[in-house]
1. Here is a list of conditions, (1) modelled with pLDDT under 95; (2) in a helix (DSSP H, G or I); (3) not polar (S, T, N, Q), and GLU78 meets all of them except one; can you say which number that is?
2. Tally time: how many residues in the stretch 226-251 are more than 14 Å from the ligand (Cβ to nearest atom) and in contact with a Pro (Cβ under 6 Å, 6 or more places away or on another chain)?
3. Check whether at least one residue in the stretch 188-210 is hydrophobic (A, V, I, L, M, F, W, C), open to solvent by 60 Å² or more (accessible area, probe 1.4 Å) and away from the ligand (no atom under 11 Å from the Cβ), and report yes or no.
4. Across the stretch 57-77, what is the total count of residues that are open to solvent by 70 Å² or more (accessible area, probe 1.4 Å) and touching a residue at least 40 places away in the same chain (Cβ under 8 Å)?
5. So if I check each of ARG121, ARG182, which one is of a type in the set (Lys, Arg) and either open to solvent by 50 Å² or more (accessible area, probe 1.4 Å) or touching an Asp or Glu at 6+ places or on another chain (Cβ under 6 Å) (or both)?
6. Would you please list the contacts, defined by Cβ atoms under 6 Å and residues six or more apart or on different chains, that run from a residue in the stretch 79-106 that is among the acidic types (Asp, Glu) to a residue that is open to solvent by 10 Å² or more (accessible area, probe 1.4 Å) and within 13 Å of the ligand (Cβ to nearest atom)?
7. List, please: which pairs have Cβ atoms under 6 Å, are six or more places apart or on different chains, and start with a residue in the stretch 244-268 that is under 17 Å from VAL46 (Cβ atoms) and open to solvent by 10 Å² or more (accessible area, probe 1.4 Å) and end with one that is assigned to a loop (DSSP other than H, G, I, E, B) and away from the ligand (no atom under 12 Å from the Cβ)?
8. Is it fair to say VAL223 is under 16 Å from the mean Cα position of the chain (by Cα) and either open to solvent by 10 Å² or more (accessible area, probe 1.4 Å) or within 15 Å of the ligand (Cβ to nearest atom) (or both)?
Amino acid sequence: MSIFSRLVVATTSAGPVEKLVTRTRPGVALAHRFVAGETLDEAVAVASELNDGGMRVSLDLLGEEVHDAASARGARDEYLACLDRIATESLDANISVKLTQLGLSIDESLAIESIGHLADRAEEVATTVTIDMEDSRYTDATVRIYEKVQADRGNLGLALQAYMRRTPDDLQRLVGLGGHIRLCKGAYVEPEEVALTSKADVDDAYADQLRTLMAAAATAPAVATHDQKLIDLTRELAKSRDEYFEFQMLYGVRSSLQAELVRAGYPLRVYLPFGSQWYPYLTRRLAERPANAWFFARAALGR
Ligand code: FDA
């Protein structure tokens with residue numbers, strides 16, 4: 001992550017900045033670019049439009065770092081409602097879940113029970129569950145839980161972050177487990193001991209891991225990047241792959257590229273966040289792209 005990105009994360013983590021963003025019109029307008037809305041109804045409407053445009057969807061109920069069991073169970077129930085709507089509206093969609101939202105930082109067994117429950121319901125409605133990867137405090141537990149629950153259920157996927165030094169080892173092991181692996185670069189500020197910090201090194205690591213993933217027959221690759229070079233490399237590697245793979249991109253990011261890939265016949269899934277807890281998600285999107293932060297700063301200052 002660049003110095004600029006670290007600065008954006010440090011600035012946006014301050015309470016007054018959060019208030020400025022969440023309570024002013026420019027902040028809310030910026031959030032609308034990346035978030036479907038605050039309610040499940042709004043998310044379903046956007047998902048349905050994306051499906052009409054030939055795009056698959058992953059619904060992400062925003063929220064992380066839940067600190068009490070009741071809130072963790074509440075998030076699980078909202079995800080169950082989400083799966084019901086996927087079924088009743090015949091959406092081409094799955095769900096993306098953060099384990100800290102299901103109580104990982106309070107009680108690991110609570111998160112395991114809930115992710116199993118969601119996998120069972122997803123199976124009934126013929127879809128899958130992807131576990132998002134959070135910051136490095138949770139990597140070990142997230143990989144461990146994925147391995148356990150995926151071995152039992154079989155309809156899960158896991159996000160792996162190319163910047164993590166441990167990912168090549170995790171990837172070698174996990175590609176034998178079926179399911180799907182979403183390869184992303186990694187969106188958190190991490191210490192050098194656990195993660196690569198230069199953009200060039202992260203891009204090279206992503207390319208290496210992409211080659212491993214695209215060669216794995218048992219696991220479906222989900223290539224989660226907006227990086228043109230890596231997309232071109234994927235298209236090249238796809239020529240010698242018969243099994244399914246898909247591109248994945250974030251709602252509101254490089255939408256014309258998303259449409260172009262669909263027109264070219266590639267399966268593409270849009271990661272579609274919704275809910276009232278959008279602030280931490282928005283700060284990660286600002287940190288990735290300086291222009292987003294400048295846009296907000298100028299609008300907030302009325303220029
Ligand atoms: P890179 O940052 O190099 O961007 C390439 C180009 O894409 C930029 O030049 C720009 O044009 C465009 N772009 C990228 N981000 C943008 C933005 N925010 N606004 C506007 N344009 C932008 N991370 C994580 O740690 N855990 C996870 O579980 C996930 N899950 C996930 C799912 C999906 C579907 C995607 C696409 C990404 C994630 N991520 C994630 C985020 C990921 O780790 C990474 O931070 C972002 O995707 C940005 O990296 P790129 O690969 O797009 O490359």
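The values are calculated or read from the model by the stated rules, or taken from the named source; none is laboratory data. Keep in mind that this is a model prediction, so the values were computed, not measured. Here the Cβ positions follow ideal geometry from the backbone for every residue, glycine too, while neighbour counts run over all protein chains shown. We work out accessible area using only protein heavy atoms, side chains counted, and drop any ligands, DNA or RNA first. Shrake-Rupley method; radii C 1.70, N 1.55, O 1.52, S 1.80 Å.
1. (1)
2. 0
3. no
4. Selection size over the stretch 57-77: 1.
5. Details: ARG182 fails: either open to solvent by 50 Å² or more (accessible area, probe 1.4 Å) or touching an Asp or Glu at 6+ places or on another chain (Cβ under 6 Å) (or both).
Within the list ARG121, ARG182, the selection yields ARG121.
6. Filtered contacts from the stretch 79-106: ASP92/ARG56.
7. Every condition considered, the pairs that remain are VAL262/GLY54.
8. Judged against the criteria, VAL223 is a match.
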